[in-house]
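Written below as structure tokens is the structure these notes are about.
The values are calculated or read from the model by the stated rules, or taken from the named source; none is laboratory data. Computed from a predicted model, the values in this text were never measured in an experiment. We place every Cβ from the backbone using ideal geometry, glycine too, and count neighbours over all the protein chains shown.
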Amino acid sequence: MKYYIIAGEPSGDLHASNLMKALKQKDTHAEFRFWGGDLMSEQGGTLIKHYRDLAYMGFLEVVLHLKTILGNMAFCKKDVVSWNPDMLILVDYPGFNLRIAEYAHKKGIKTVYYISPKVWAWKKGRVKTIKKVVDKMLVIFPFEKSFYQKYGLQVEYVGNPLLDAIKDEEHLSKESFYKQFGLSQKPIIALLPGSRKQEVSRILSVMLQVVPLFKEYQFVIAGVPSLGEEFYNKYLSDESVSVIFNETHQIVHHADAALVTSGTATLETALLETPQVVCYAGGYVSYQIARRVITVKYISLVNLIMDKPVVTELIQNNLNVSKLSHELDLILNNKNYRQQQLDNYSRLRKVLGGNGASAKAAEAITKMLKRS
């Protein structure tokens, strides 16, 4: 069978690559054509566009790059129809993917959405579009199943793929990790400032302001290769700060604490059992619009899944050196506060259920194709 997959971000690249691996086990004749990244490329097939050429953050940034985005969209529509896949698989990235889904539906191409858009947080009107143009939703959070069923959509909860990704990882010993990357013997505080240039620019500079206040630690930035070493170097002036690329989970695993930009990384950090403070700062225009349309209580996946404040969220003006250093001090030095967060992480794992999300998603997709 022929599978056309569209993932527009690093997390989508990870989950789509694991899905591709699972599909190959179910379908030995699987062919892939995709928009994604290096991890998907490792599974074979044809990469059409890399996610680093697609990622624009916030309302204003999207407007400024609208011509490029519309050009990519037009090209993608033609490419999907030309290749005529047996299944179009969309991975998150809703602003782009839902438009492709609408076009593919008109052309009679069967479509599944894996990793749902966050329509439960904002733009609930998109549910009507999804119902019309997507044949089935494969969701990764328990609350998403009931949300979509309420609107009468075909939906299946397959579990969360991060459980698989983290379970299958092999972590270096602390000694080997420190030695391999030339780190000092000080304990680590991980900095995860995001994956897009705009968000890193805003958030990393605030994170780095706490460095002089925690001299007994070394800070390690989880670098995104697509941004490049030069981009990070302009922020680095303290020798106790390092940047390591392509090793986010290793960094977090060996860290005593983490400062994490809101997004998938908050859940990854929780599953790696590292106490964290969640950070978010958007552009003024983007933030003012967002705060008027977002309908959920929390911005971190950890808190959303548990429906309570498991981790502290410092948003916009609250993301400052005073509050950030205070919260960091608590998760490092207050044993009860730290343990409470770790205990909630254990409960989070139980809520998410067992492993095998990629295999379950692949099974659901191949069943759909057999029935067609």
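Remarks
- Some residue of the stretch 332-355 being under 18 Å from Gln209 (Cβ atoms) and either touching a helix residue (DSSP H, G or I) at 6+ places or on another chain (Cβ under 9 Å) or part of a helix (DSSP H, G or I) (or both): yes
- Reported count of residues in the stretch 226-241, each being without any contact (Cβ under 8 Å) to a residue 40 or more places away in the chain and either in a helix (DSSP H, G or I) or out of contact with any helix residue (DSSP H, G or I) (no Cβ under 7 Å at 6 or more places or on another chain) (or both), is 11.
- Any pair with Cβ under 7 angstrom, 6 or more apart, that starts in the stretch 23-45 at a residue that is outside any helix (DSSP H, G or I) and ends at one that is charged (D, E, K, R): Ala30/Lys24; Glu31/Lys2; Trp35/Lys49; Gly36/Asp13; Gly37/Asp13; Gln43/Lys21; Gly45/Glu31; Gly45/Arg33
- For Gln341, the conditions (1) of a type outside the set (D, E, K, R); (2) at pLDDT 95 or above; (3) over 23 Å from Phe143 (Cα atoms) are fulfilled apart from (3).
- Entry remark, the stretch 317-365: residues being within 20 Å of the chain's Cα centre (by Cα) and either at positive phi or of a type in the set (Val, Ile, Thr) (or both) number 3 in total.
- Gln198 vs. criteria closer than 24 Å to Gly95 by Cβ and either among the basic types (Lys, Arg) or assigned to a helix (DSSP H, G or I) (or both): yes
- The set of residues in the stretch 335-346 being surrounded by 13 or more Cβ atoms within 10 Å (Cβ to Cβ) and either closer than 30 Å to Val158 by Cα or free of Cβ contacts under 8 Å to residues at least 60 places away in the same chain (or both) consists of Tyr337, Gln340, Gln341, Leu342, Asn344, Tyr345.
Each row is one residue, and each column tells you yes or no for (1) among the aromatic types (Phe, Trp, Tyr); (2) out of contact with any Gly (no Cβ under 9 Å at 6 or more places or on another chain); (3) modelled with pLDDT under 95.
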| site | (1), (2), (3) |
| --- | --- |
| Phe143 | yes, yes, yes |
| Ser146 | no, yes, yes |
| Tyr151 | yes, yes, yes |
| Val155 | no, yes, no |
| Leu162 | no, yes, yes |
| Ala165 | no, yes, yes |
| Asp168 | no, yes, yes |
| Phe177 | yes, yes, no |
| Gln185 | no, yes, yes |
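- Within the stretch 167-184, the residues that satisfy the criterion of being over 27 Å from the mean Cα position of the chain (by Cα) and in a helix (DSSP H, G or I) are Glu175, Ser176, Lys179.
- The set of residues in the stretch 124-144 being surrounded by fewer than 18 Cβ atoms within 10 Å (Cβ to Cβ) and under 19 Å from Asn355 (Cβ atoms) consists of Pro142 alone.
- Among the residues of the stretch 242-262, the one identified as free of Cβ contacts under 8 Å to residues at least 60 places away in the same chain and more than 20 Å from Tyr178 (Cα to Cα) is Ser262.
- The stretch 80-111: number of residues that are part of a strand (DSSP E or B) and within 23 Å of Gly263 (Cβ to Cβ): 3
- Inter-residue pairs, beta-carbon under 7 Å, first touching a residue at least 40 places away in the same chain (Cβ under 8 Å) and closer than 16 Å to Ile5 by Cβ and in the stretch 67-84, second small (Gly, Ala, Ser) and part of a helix (DSSP H, G or I), 6+ apart: Val80/Ala104
- Identity of the residue in the stretch 81-111, among the β-branched types (Val, Ile, Thr) and touching a Leu at 6+ places or on another chain (Cβ under 6 Å), that ends up farthest from Gly8 (Cα to Cα): Ile109
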